[in-house]
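The values are calculated or read from the model by the stated rules, or taken from the named source; none is laboratory data. Please read all numbers here as calculations on a predicted model, not as lab measurements. Note that each Cβ is placed from the backbone with ideal geometry, even for glycine, and that neighbours are counted across all protein chains shown. Quick note on the areas: whole protein, heavy atoms, side chains included, nothing else; ligands and nucleic acids left out. Shrake-Rupley method; radii C 1.70, N 1.55, O 1.52, S 1.80 Å.
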Amino acid sequence: MSASKETEGAVAVITIRNPPVNALSQQAVESILKVLKEVQFDPAVKAIVICGENGKFSAGADIRTFENIGQKSDSLSHFLEDVNSMAEKSEKPVIAAIEGVALGGGLELALGCHYRVAHVKARLGLTEVLLGIFPGAGGTQRLPRLIGLLPALEMITTGKIVFAPVALKLGLIDSVTEDNTIKAAIHFAQNVIGKPLESRRLCTKPIQCPPNMETIFNDSKIKLKKLFHGAISHQLCVEAIRAAVQLPFAEGILKERELLFSIFNSEQARDQAKARQYAFFAERRVTKWTTPSGANWKSASPHPIGVAAVIGLGTMGRGIVVCLAKAQIQVIAVEQDGKQLEMGRKAVTKILERETLTMQQRGLALMSDSFGSITFTLDFNSLKNADLVIEAVYENMALKKEIFKQLSSICMPEAFLCTNTSGLNIDEIASVTGRPHLVIGTHFFSPAHIMKLLEVVRGYHSSPTTISTVINLSKVLGKIGVVVGNCPSFVGNRMMGPYLHQAIFLLEDGCYPEEVDKVLEEFGLAMGPFRMSDLVGLDVGWRSRMESGLTGPKLLPGALVRQREGKRYSPLPDILCEKGRFGQKTGRGWYQYETVGGRNAVPDPWVQNFLHDYRKAHTIKQKPTSQNEILEWCLYPLINEGFNVLEEEIASGPEDIDVIYNNGYGWPRHMGGPMFYASMVGLPKVLTKLEVFYENNPDIPSLKPSGLLKKLVKQGSPPLKEWRSQLGYQNSKL
Ligand code: 3H9
């Protein structure tokens, strides 16, 4: 952890060294400061280049030292701003040579330099807000001075990362190179030796402000509130940028520091920052997967995938084809019906055109102007060329088994066979093949080319190589793969079950869909349970309930309307479906929509009357329910199911569950994920509530507190990072 200096002619090159990403720990910053001072006084040095070791400029402040967020990060921001200010005031030109990443404090350091030269593939951004803080080393004051108020506002408040070509257009950097960046920066430095530096010092630069600044700030705060419900750091970013335009630079820096300090001083803001940083590390943690049988990320090497095939070009299949092609993998897209194939081809082409446009806007066209080639075909035999096949037909076990039987005889013996299912039994599908060790579940989330999550479902026989290959593929696709066990609905959807049931029971007991949704959306979820169900389509669950005999023709005669096998059951969603109310797709569901396929959910008086009549018919007394009760009644059973999932070794740690919820179910990152949230609320509180709920509702089995939750409370509620040690995995042969 150091900074070193070498000289090339009159140019001193300072290299930041702190593997793996040259994070700016206090020690690293002190070291840069020391070397920077030295070269200032060295008469032989006429210009200075700052770069990072191993092709990465710097990923910003060392987040690993943020565990006790507060004093440490505060003093680090002081130190870093000292370095930035020293570089800025230097009488010798200072040039940042940016390779790989310049993020957070890394970019702030580059902003302190007089010039910035970047490699074409470099990524730059002030990403602090995504960690629950905001740029604390002058970033909020310098960036608007460099690129203007509006682009700076967008970058700082959203943590947006831009690629070098876009950064050049924004004026964030001075030069882009496709060659050796350090050499290009040294060359650049030699050309600017002796040139006046005053105009290069951002601290002296005025900000060009549009006349309607207050409106811009206020609108930005409203927009951020909608996008990141309840997240404090985004709002504080706006205040810091407001200071940049209203105050002289030095006072702006003090204001930035004061605002940063206000995060450390507020319990809520501090908790949000902890949650975001936990979410960051949880995403890295899940790549280090383990299985109960003792396999793990170290015990297997992934196979590279050059050619992948997708079977079925419905909504999911099309999205999967797009993400494979975007990752420059050659794709064979197979359908059994000519018309479907043509529709699929058109849809995929349209999505790829849109993606090309977005990539161009993000400055990516320079680097990847081609997608992997796609062959659309009706010929199943073409699958013999694929290294990996993803079956994405609709959820029907018989059909999937039929396809896997064929795959087993057509595909290369070493080809991996994946099924895209949201809950079917992987082992049953694998059983019809002659290679169950190469079969695995890949649960993509819709739209598959956008959603980051991939549940990687290990079957009983899935080999470590198969798991490793699919996890590696998920990274290649830009997704986060989480290894989960094989049980009905896997992890995410399984935990959704009790949550959705609880929400529906609330309707029976007196609430309306919009009331319940409002509480959960104010908590921060992207969508409440009813808006979400309308989006997904109420018919999806209805069909599966009919299939399993909970409703419809297979329901046993004599079944009680509100009970199934002694358990509480609500027929409300079934009745809605019987009336043709499937949600957005029919323009009516729990809400009404302006048109069929409309997205704007409006409370429906029909639903209100319907619920009123239903309660009357079943003599249900309407109970007043507070916002807090709605929240606990819906979220605690979801969390409880999370503990069951852990206890049954379906997920290998709480981080896995939280990553799934943050990336696939719209859980607010500033709440960390359901398991992190439980740890913040306090496990005894969650347990006590569940005990009360269960005592009052013994006919709802999902309210029965999980054994693991009880065990953890009995042990004094250890911190989340210790929960893993209570799981069966510890006994596995790692
Ligand atoms: C800040 O700068 C505040 C300032 O304003 C000053 C005020 C105080 N620190 O993601 P990867 C680790 S806040 C420590 O797997 P990739 C990471 O945990 C900071 N460690 O690789 C992992 O460790 P392990 C603002 C860090 O290539 C390893 O590096 N900065 C940091 O997919 C490899 O990471 C950010 O928000 C860090 N800053 O992606 C940038 N960053 O191997 C956050 C990474 O033990 N970082 N590690 O699991 C990133 O976005 C990505 O990690 C990056 C690399 C794009 C850099």
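There is no residue in region 80-95 that is in contact (Cβ under 8 Å) with a residue 40 or more places away in the chain, open to solvent by less than 10 Å² (accessible area, probe 1.4 Å), within 12 Å of the ligand (Cβ to nearest atom) and not in a helix (DSSP H, G or I). Here is a check on your reading of the model: is Ala250 touching a Cys at 6+ places or on another chain (Cβ under 9 Å) and open to solvent by 40 Å² or more (accessible area, probe 1.4 Å)? Taking the combined requirement at face value, the residue satisfies it.
The condition of being within 16 Å of the ligand (Cβ to nearest atom), surrounded by fewer than 23 Cβ atoms within 10 Å (Cβ to Cβ) and closer than 30 Å to Lys205 by Cα holds for only one of Phe261, Phe281, that being Phe261. Quick check: anything in region 597-607 surrounded by fewer than 17 Cβ atoms within 10 Å (Cβ to Cβ), over 22 Å from Asp509 (Cβ atoms), out of contact with any strand residue (DSSP E or B) (no Cβ under 8 Å at 6 or more places or on another chain) and not small (Gly, Ala, Ser)? Yes.
Given the criterion at pLDDT below 95, away from the ligand (no atom under 16 Å from the Cβ) and within 26 Å of Ser652 (Cβ to Cβ), identify the matching residue among Pro488, Pro436, Pro447, Pro464.
Working: Pro436 fails: at pLDDT below 95; Pro447 fails: within 26 Å of Ser652 (Cβ to Cβ); Pro464 fails: at pLDDT below 95.
Answer to the check: Pro488.
The residue of region 366-421 that is most open to solvent (accessible area, probe 1.4 Å), among those that are within 30 Å of Glu178 (Cα to Cα) and not in a strand (DSSP E or B), is Asp369. Within region 12-26, not a single residue is within 14 Å of the ligand (Cβ to nearest atom), open to solvent by less than 30 Å² (accessible area, probe 1.4 Å), over 18 Å from Leu260 (Cβ atoms) and assigned to a helix (DSSP H, G or I). From the list Leu170, Leu131, Leu146, the lone residue that is hydrophobic (A, V, I, L, M, F, W, C) and under 29 Å from Gln268 (Cα atoms) is Leu131. Selection within region 96-110: residues that are open to solvent by 20 Å² or more (accessible area, probe 1.4 Å) and near the ligand (Cβ under 10 Å from one of its atoms). The member of this set that is farthest from Ser262 (Cα to Cα) is Gly100.
Residues that are in a helix (DSSP H, G or I) and either surrounded by fewer than 24 Cβ atoms within 10 Å (Cβ to Cβ) or more than 8 Å from the ligand (Cβ to nearest atom) (or both) within region 111-130 comprise Leu111, Gly112, Val129, listed in sequence order. Among Lys288, Lys274, which is the only one that is within 16 Å of the ligand (Cβ to nearest atom) and either under 20 Å from Arg458 (Cβ atoms) or aliphatic (A, V, I, L, M) (or both)? Every option except Lys288 fails the conditions.
Is it the case, given these coordinates, that Lys326 is open to solvent by 70 Å² or more (accessible area, probe 1.4 Å) and either aliphatic (A, V, I, L, M) or touching a Gly at 6+ places or on another chain (Cβ under 9 Å) (or both)?
Numbers: open to solvent by 70 Å² or more (accessible area, probe 1.4 Å): yes; either aliphatic (A, V, I, L, M) or touching a Gly at 6+ places or on another chain (Cβ under 9 Å) (or both): yes.
Considered against the rule, which asks whether it is open to solvent by 70 Å² or more (accessible area, probe 1.4 Å) and either aliphatic (A, V, I, L, M) or touching a Gly at 6+ places or on another chain (Cβ under 9 Å) (or both), Lys326 comes out as yes.
Could you list all residues from region 39-63 that are surrounded by 17 or more Cβ atoms within 10 Å (Cβ to Cβ) and either in a loop (DSSP other than H, G, I, E, B) or of a type in the set (Phe, Trp, Tyr) (or both)? Step through it out loud before you land on a result.
To start, the set of residues in region 39-63 that are surrounded by 17 or more Cβ atoms within 10 Å (Cβ to Cβ) comprises 39-40, 45-53, 56-63.
Passing the criteria: Val45, Lys46, Lys56, Phe57, Ala59, Gly60, Asp62.
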